[in-house]
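See structure below.
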Ligand SMILES: C[S@@+](CC[C@H](N)C(=O)[O-])C[C@H]1O[C@@H](n2cnc3c(N)ncnc32)[C@H](O)[C@@H]1O
């Protein structure tokens, strides 16, 4: 059994932000994964490892095939499922993915060795707090899927490395709906995340140098387009 994720780790993933019936339809009616992606998805579900939900898989497939980004950064690799999904659907892309959890890193390495057949993916080990500032590339697509309270902390370094016209996607930004409540109604243990996400929204949603959109997929996606070289948050 995988040690890193307990039975309660995915608290918000079990609090859908759209009607249950719609959610079920989106998860069952949209094209399913096949081959190794289906195996990795099943493994993650069995071991309670949080990976992107199926409605986000379908959306990423569409985004990757349409945008065909050339240089992708991901913060939060886990077992490598979303990195391999992006690689499959953007075969020209180079992908750099960051993770700090040794157990996840071991799984990701094994999966990349087996399934990253075009050698598109580079795994950078260590806390993104330290590794992000060492990256020298410029990216046209960034996927943020790590600790949610840190999204706002990582954003300045991410924006520095994002091309004008580039896109950042943040997963799980609605906190199972907590984000619209006053802080007193949010469980104490969830308040750091709540504050971090509120700060993220305040810094981005009306920012003149970003175009922002919120999508009710999974536990919510925030997407940003960088519109100017310098973005003040
Ligand atoms: C939700 S999982 C990523 C799932 C993956 N993107 C997918 O959909 O297949 C989050 C991952 O982020 C990693 N993580 C969280 N905070 C991090 C940090 N500060 N630096 C590096 N990795 C981090 C965790 O170790 C975990 O493996």
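The values are calculated or read from the model by the stated rules, or taken from the named source; none is laboratory data. These figures come from a predicted structure and were not determined experimentally. All Cβ positions, glycine included, derive from the backbone under ideal geometry; neighbour counts span all protein chains shown.
Give the stretch 21-56 a look and list any residue that's touching a helix residue (DSSP H, G or I) at 6+ places or on another chain (Cβ under 9 Å) and at positive phi, or say none.
35, the sole residue that qualifies.
Filter the stretch 194-226 down to residues that are touching a residue at least 40 places away in the same chain (Cβ under 8 Å) and part of a loop (DSSP other than H, G, I, E, B) and give me whichever is farthest from the chain's Cα centre (by Cα).
Among residues in the stretch 194-226 that are touching a residue at least 40 places away in the same chain (Cβ under 8 Å) and part of a loop (DSSP other than H, G, I, E, B), the one farthest from the chain's Cα centre (by Cα) is 216.
Looking only at residues that are under 25 Å from residue 62 (Cα atoms) and within 11 Å of the ligand (Cβ to nearest atom) in the stretch 148-175, which one is surrounded by the fewest Cβ atoms within 10 Å (Cβ to Cβ)?
In this case the residue turns out to be 169.
Conditions tested, residue by residue: (1) surrounded by fewer than 19 Cβ atoms within 10 Å (Cβ to Cβ); (2) more than 8 Å from the ligand (Cβ to nearest atom); (3) under 18 Å from residue 217 (Cβ atoms).
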residue: 53; (1), (2), (3): no, yes, yes
residue: 64; (1), (2), (3): no, yes, yes
residue: 69; (1), (2), (3): no, yes, no
residue: 73; (1), (2), (3): no, yes, no
residue: 80; (1), (2), (3): no, no, no
residue: 83; (1), (2), (3): no, no, no
residue: 87; (1), (2), (3): no, yes, no
residue: 95; (1), (2), (3): no, yes, no
residue: 104; (1), (2), (3): no, no, no
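When you scan the stretch 128-151, how many residues do you find that are assigned to a helix (DSSP H, G or I) and either closer than 17 Å to residue 69 by Cα or in contact with a helix residue (DSSP H, G or I) (Cβ under 8 Å, 6 or more places away or on another chain) (or both)?
Just the residues of the stretch 128-151 that are assigned to a helix (DSSP H, G or I), to begin with: 128-134, 148-151.
If we keep only those that are either closer than 17 Å to residue 69 by Cα or in contact with a helix residue (DSSP H, G or I) (Cβ under 8 Å, 6 or more places away or on another chain) (or both) as well, we get 128-129, 132-133, 148-151.
Matching residues across the stretch 128-151 total 8.
Taking the criterion of being under 24 Å from residue 158 (Cβ atoms), within 16 Å of the chain's Cα centre (by Cα) and either within 14 Å of the ligand (Cβ to nearest atom) or assigned to a loop (DSSP other than H, G, I, E, B) (or both), would at least one residue in the stretch 2-16 satisfy it?
Yes.
Identify all residues within the stretch 125-146 that are buried (at least 18 other Cβ atoms within 10 Å of the Cβ) and either near the ligand (Cβ under 9 Å from one of its atoms) or within 14 Å of the chain's Cα centre (by Cα) (or both); write none if there are none.
Listed by number, the residues that qualify are 128, 132, 141, 142, 143, 144, 145, 146.
Yes/no per residue for (1) within 12 Å of the ligand (Cβ to nearest atom); (2) outside any loop (DSSP other than H, G, I, E, B):
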{"residue": "22", "(1), (2)": "no, yes"}
{"residue": "26", "(1), (2)": "no, yes"}
{"residue": "49", "(1), (2)": "yes, no"}
{"residue": "60", "(1), (2)": "yes, yes"}
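Within 14 Å of residue 97 (Cβ to Cβ) and either at pLDDT below 95 or surrounded by fewer than 17 Cβ atoms within 10 Å (Cβ to Cβ) (or both): does that describe residue 116? It would help to see each step written out before you state the result.
Details: within 14 Å of residue 97 (Cβ to Cβ): yes; either at pLDDT below 95 or surrounded by fewer than 17 Cβ atoms within 10 Å (Cβ to Cβ) (or both): no.
Criteria not met by residue 116.
Could you count how many residues in the stretch 92-104 are free of Cβ contacts under 8 Å to residues at least 60 places away in the same chain and under 28 Å from residue 68 (Cβ atoms)?
Taking the stretch 92-104 first, the residues free of Cβ contacts under 8 Å to residues at least 60 places away in the same chain are 92-100, 102.
Checking which are under 28 Å from residue 68 (Cβ atoms) leaves us with 92-99.
Of the residues in the stretch 92-104, 8 are free of Cβ contacts under 8 Å to residues at least 60 places away in the same chain and under 28 Å from residue 68 (Cβ atoms).
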